[in-house]
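Beneath this line is the structure, given in structure tokens, with notes to follow.
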Amino acid sequence: MQFKPTISIWVPVLSLAALILTGCDKGAQQPQNRSPQKVEVVTVKTQPYTLTRELPGRTIAYRVAEVRPQVDGIILKRLFKEGSDVKEGDQLYQIDPAIYQANVKSARANLASAQALEKRYRALVSTKAVSQQQYDDAKAALLAAQANLETAQVRLRYTKVLAPLSGHISRSLVTEGALVTAGQANALTNINQLDPIYVDITQPSKEILTLRDELASGQLEKDGENAAKTSLSLEDGTTYQHEGRLEFSEVYVNESTGAVTLRAIFPNPDNKLLPGMFVRASLKEGIRPKAILIPQVAVTRNIKGEPVVMVVGKDNKVEQRVLDVSRVADYNQWLVNKGLQENDRVIVKGLQKIQQGAVVDPIEQSQTTNVTKTPESGTQTIGNSGK
């Protein structure tokens, strides 16, 4: 027996289908009636910005002296405290002077004999009792005796090993009783002059070329005398209290590292900086007169890994801009090279709820949130974190 649906069965089915279609039609129409998404924006303003570069460096003693003996002998005494400060001319070691004192006495005796002979021949040469040649030989012997005495006296003085410069002396590499020789390879000790002190900084040659191009094109302006000033951050993260100044840069590029060495000099009155310490130096490179800074929170990455921002354009429609950013600036900002212009409205909050082409309701962030004082650039519009 075949079953045939009746009218009473079809009526509820048709009613249910009509309700579903009505609901879908309302759902399709609902987004058209929704108001634009509210977003917070920051209006881009150009401003002067001082470019600084933080680079690694090593401290180098201003002057270094390796103390070596200039005569042979036995070390009798060490006359300095290891790790102390010494002054130029202070006696550091005493070498046994006995043999050199004897040499001085012998040279004096030879000088006296030569003086007596020269005096006697001077009287005789006038009467032709001796020849002029004999008298000239006597005078030459006198000069040689004087030179021998001076040499003996110098060697005697060298038995007192003196500090060649003022500075911080290291540990002694010899002890009393050690035999030392003139011109030996091993130093007795080292003296480092630490005030002032050098800091050698390495900078990639590519960055130097970029800076020169920006200065030549007018994108950067020289920072006057301040361009040569440098500050330091120490290994523990603290800032060194004294400001330094660049002295010179190498005239060649290191082939193995591709870097150029810059040398700065810093006052070091408390010997806080020691040779070989790792530091980070901040160099003022120049001023960009019309810099564009935007909050980092506004910048995302596209599928190519490029930095992008969402900008509110004409008719409040959202546009995506690809940026060229060079470095992180103060207060969590990006320094933008290309991609934005003054008065562009960059979205900093509400990015998760919008897409390109959508119409939005932009709200400018409050001045109390956006405006921040900086010591170098004055007042700048930076936005908040978007939280």
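Computed from the coordinates by the stated procedures, all read-outs in this text should not be read as laboratory data. Just so it is clear, the structure is predicted and the values come from calculations on it, not from any experiment. In this analysis, Cβ positions are derived from the backbone assuming ideal geometry, glycine residues included, and neighbour counts consider all displayed protein chains.
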### Summary
Of those in the stretch 47-89 that are under 24 Å from the mean Cα position of the chain (by Cα) and among the basic types (Lys, Arg), the residue nearest to Arg288 (Cα to Cα) is Arg53
### Task
Considering (1) part of a loop (DSSP other than H, G, I, E, B); (2) within 30 Å of Ser233 (Cβ to Cβ), say which one Ala185 fails and leave the rest.
(2)
### Task
With the checklist (1) in contact with a helix residue (DSSP H, G or I) (Cβ under 8 Å, 6 or more places away or on another chain); (2) closer than 26 Å to Lys81 by Cβ; (3) loosely packed, with under 13 Cβ neighbours inside 10 Å; (4) not acidic (Asp, Glu) in hand, flag the one item Pro97 doesn't pass.
(3)
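Results for (1) in contact with a strand residue (DSSP E or B) (Cβ under 9 Å, 6 or more places away or on another chain); (2) surrounded by 15 or more Cβ atoms within 10 Å (Cβ to Cβ); (3) of a type outside the set (Asp, Glu), shown as yes or no for each residue.
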residue: Lys229; (1), (2), (3): yes, yes, yes
residue: Tyr240; (1), (2), (3): yes, yes, yes
residue: Glu285; (1), (2), (3): yes, yes, no
residue: Thr300; (1), (2), (3): yes, no, yes
### Query
If you take just the strands (runs of 3 or more DSSP E) that sit entirely in the stretch 280-365, which of them hold at least 1 residues that are under 25 Å from Glu207 (Cβ atoms)?
307-312, 318-322, 324-329, 333-338
